[in-house]
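Asks: Structure below; questions to follow.
The values are calculated or read from the model by the stated rules, or taken from the named source; none is laboratory data. This one's a predicted model, so the numbers in the text were calculated from it and none came from an experiment. Glycine also receives a Cβ, built like all others from the backbone with ideal geometry; neighbour counts cover every protein chain displayed. The protein model used for the area step is the full one, side chains on, heavy atoms only, and it has no ligands, DNA or RNA in it. Shrake-Rupley method; radii C 1.70, N 1.55, O 1.52, S 1.80 Å.
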Amino acid sequence: MRPILLQGHERSITQIKYNREGDLLFSVAKDTVANVWYSVNGERLGTYNGHTGAVWCVDVDWDTKHVLTGSADNTCRLWDCQTGRQLALLKTSSAVRTCGFDFSGNIIMFSTDKQMGYQCYLNYFDLRDPQQIEENQPYVSVPCSESKITSAVWGPLGEFVIAGHENGEINQFSAKSGEVLRKVKEHTKQINDIQTSVDLTMVITASKDNTAKLFDSTSLEHIKTFKTERPVNSAAISPIMDHVVMGGGQEAMEVTTTSTRIGKFEARFFHAAYEEEFGRVKGHFGPINCVAFHPDGKSYSSGGEDGYVRIHYFDPHYFEFEFEG
């Protein structure tokens with residue numbers, strides 16, 4: 001089946017996110033706009049307008065009522081998903097790199113960049129307390145002085161946040177106290193992306209060291225490694241099969257010197273147990289910045305440096321091989 005091409009951004013895509021039912025797909029890019037689409041046919045439902053800088057991250061809560069975005073304009077914003085109305089504006093000292101709702105949708109977290117003399121912070125806000133929002137005072141703010149956070153997701157039960165850092169470390173930060181519960185360093189370079197499995201028991205990390213790695217989300221035990229010959233920008237775990245999909249390429253500034261044929265701009269499928277690559281899907285004219293599986297596992301989306309989001313439908317059982325050994 002031919003992929004659905006979503007054309008609603010003028011600059012490279014930074015993150016895409018499905019809601020829990022999978023009927024909506026949210027996309028953000030370096031062009032200040034957050035879009036929401038029908039995933040079944042690629043029709044654009046609307047936009048969330050207000051940011052004045054590149055939008056780095058997006059998340060949607062469990063019941064698709066609220067949308068959270070973080071931007072290089074030094075703000076994190078909360079939106080009404082249905083009307084597009086801005087509900088809250090949280091100002092920061094530097095760009096907001098990651099954001100997310102916990103399981104309940106009541107607690108949000110976001111991290112800021114280390115830039116312009118400002119420290120990297122991981123902030124927690126309770127949306128049930130209007131005073132925190134009005135006074136822009138998080139109930140916990142964790143300074144990350146060693147290495148800035150480049151990607152983060154909530155762990156199971158909303159007890160902690162799993163954060164990937166610029167130096168390749170993965171940390172668990174308690175949502176109550178902000179203390180570091182666990183720390184591992186399996187990657188040698190920056191972690192570009194972290195995504196969870198559908199039941200939150202595992203996380204997959206994508207790194208500039210040309211690998212994606214699978215971890216237990218509670219113990220941070222390293223389970224599997226998927227190797228490529230290029231930096232991995234994003235990786236996602238299939239909700240129904242033992243598959244992972246990875247997207248990458250090379251650095252954006254090197255793209256102009258590379259033809260698409262040798263640029264390795266395909267989405268790559270690996271078997272989660274055997275660590276073997278079994279398929280590639282072409283399409284983008286530049287590196288893939290983000291990938292996400294549909295919650296039903298029968299399609300996946302990718303967002304690229306070329307500014308397009310592509311929805312690919314496939315039969316996951318078609319990929320079932322007999323592996324030797």
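Asks: Run GLU179 past the list (1) of a type in the set (Asp, Glu); (2) under 22 Å from CYS57 (Cα atoms); (3) open to solvent by 70 Å² or more (accessible area, probe 1.4 Å) and report the number of the one that doesn't hold.
Replies: Condition not satisfied by GLU179: (2).
Asks: Among the residues in region 153-171, are any polar (S, T, N, Q), in contact (Cβ under 8 Å) with a residue 40 or more places away in the chain, assigned to a strand (DSSP E or B) and surrounded by 18 or more Cβ atoms within 10 Å (Cβ to Cβ)?
Replies: No.
Asks: Might you let me know whether region 264-285 holds any residue that is modelled with pLDDT under 70, open to solvent by 30 Å² or more (accessible area, probe 1.4 Å) and touching a Gly at 6+ places or on another chain (Cβ under 7 Å)? I'd like the intermediate steps shown before the answer.
Replies: Filtering region 264-285 down to residues modelled with pLDDT under 70 leaves 264.
Now drop any that are not open to solvent by 30 Å² or more (accessible area, probe 1.4 Å), which leaves 264.
Okay, now just the ones that are also touching a Gly at 6+ places or on another chain (Cβ under 7 Å), so 264.
Taking every residue of region 264-285 in turn, at least one turns out to be modelled with pLDDT under 70, open to solvent by 30 Å² or more (accessible area, probe 1.4 Å) and touching a Gly at 6+ places or on another chain (Cβ under 7 Å).
Asks: Based on what the data block shows, is VAL67 open to solvent by less than 20 Å² (accessible area, probe 1.4 Å), more than 20 Å from the chain's Cα centre (by Cα) and either of a type outside the set (D, E, K, R) or closer than 30 Å to GLY22 by Cα (or both)?
Replies: no
Asks: Considering (1) in contact with a Leu (Cβ under 8 Å, 6 or more places away or on another chain); (2) among the basic types (Lys, Arg); (3) at pLDDT below 95, say which one LYS298 fails and leave the rest.
Replies: Tallying (1) in contact with a Leu (Cβ under 8 Å, 6 or more places away or on another chain); (2) among the basic types (Lys, Arg); (3) at pLDDT below 95, LYS298 fails exactly one: (1).
Asks: In region 35-50, which residues are open to solvent by less than 10 Å² (accessible area, probe 1.4 Å) and free of Cβ contacts under 8 Å to residues at least 40 places away in the same chain?
Replies: ASN35, TYR48 - these are the residues of region 35-50 that are open to solvent by less than 10 Å² (accessible area, probe 1.4 Å) and free of Cβ contacts under 8 Å to residues at least 40 places away in the same chain.
Asks: Look through region 226-250, keep the residues that are in contact with a Phe, Trp or Tyr (Cβ under 7 Å, 6 or more places away or on another chain) and part of a loop (DSSP other than H, G, I, E, B), and return whichever of them is surrounded by the fewest Cβ atoms within 10 Å (Cβ to Cβ).
Replies: Among them, the one singled out is PRO239.
Asks: Within region 93-130, restricting attention to residues that are assigned to a loop (DSSP other than H, G, I, E, B) and without any contact (Cβ under 8 Å) to a residue 24 or more places away in the chain, which residue is most open to solvent (accessible area, probe 1.4 Å)?
Replies: Across region 93-130, the extreme among qualifying residues is ARG128.
Asks: Here's another thing I want to ask about it. Going through region 20-38 one residue at a time, which ones are of a type in the set (S, T, N, Q) and at pLDDT 95 or above?
Replies: If the condition is that a residue be of a type in the set (S, T, N, Q) and at pLDDT 95 or above, then SER27, ASN35 are the ones that fit.
Asks: Could you please let me know if ASP199 is in a loop (DSSP other than H, G, I, E, B), open to solvent by 50 Å² or more (accessible area, probe 1.4 Å) and not β-branched (Val, Ile, Thr)?
Replies: Details: in a loop (DSSP other than H, G, I, E, B): yes; open to solvent by 50 Å² or more (accessible area, probe 1.4 Å): yes; not β-branched (Val, Ile, Thr): yes.
Spelling it out, ASP199 is indeed in a loop (DSSP other than H, G, I, E, B), open to solvent by 50 Å² or more (accessible area, probe 1.4 Å) and not β-branched (Val, Ile, Thr).
Asks: If a residue has to be closer than 19 Å to THR150 by Cβ and either assigned to a loop (DSSP other than H, G, I, E, B) or basic (Lys, Arg) (or both) to count, how many in region 13-55 make the cut?
Replies: At the first step, the residues of region 13-55 found to be closer than 19 Å to THR150 by Cβ are 13-17, 28-30, 53-55.
Narrowing further to those that are either assigned to a loop (DSSP other than H, G, I, E, B) or basic (Lys, Arg) (or both): 17, 30, 53-54.
Matching residues across region 13-55 total 4.
Asks: Kindly provide the set of residues from region 108-161 that are over 19 Å from ALA88 (Cβ atoms) and among the hydroxyl-bearing types (Ser, Thr, Tyr), ordered by number.
Replies: TYR118, SER145, SER147, THR150, SER151
Asks: Can you give me the number of residues within region 295-312 that are open to solvent by 10 Å² or more (accessible area, probe 1.4 Å) and within 12 Å of ILE240 (Cα to Cα)?
Replies: Counting residues in region 295-312 that are open to solvent by 10 Å² or more (accessible area, probe 1.4 Å) and within 12 Å of ILE240 (Cα to Cα) gives 3.
Asks: Further question on the same structure: What about ILE223, is it open to solvent by less than 40 Å² (accessible area, probe 1.4 Å) and assigned to a strand (DSSP E or B)?
Replies: no
Asks: Additional query: When the residues of region 134-152 are narrowed to those that are touching a Phe, Trp or Tyr at 6+ places or on another chain (Cβ under 9 Å) and open to solvent by 70 Å² or more (accessible area, probe 1.4 Å), which ends up farthest from ASN106 (Cα to Cα)?
Replies: Filtering first and then ranking leaves PRO143.
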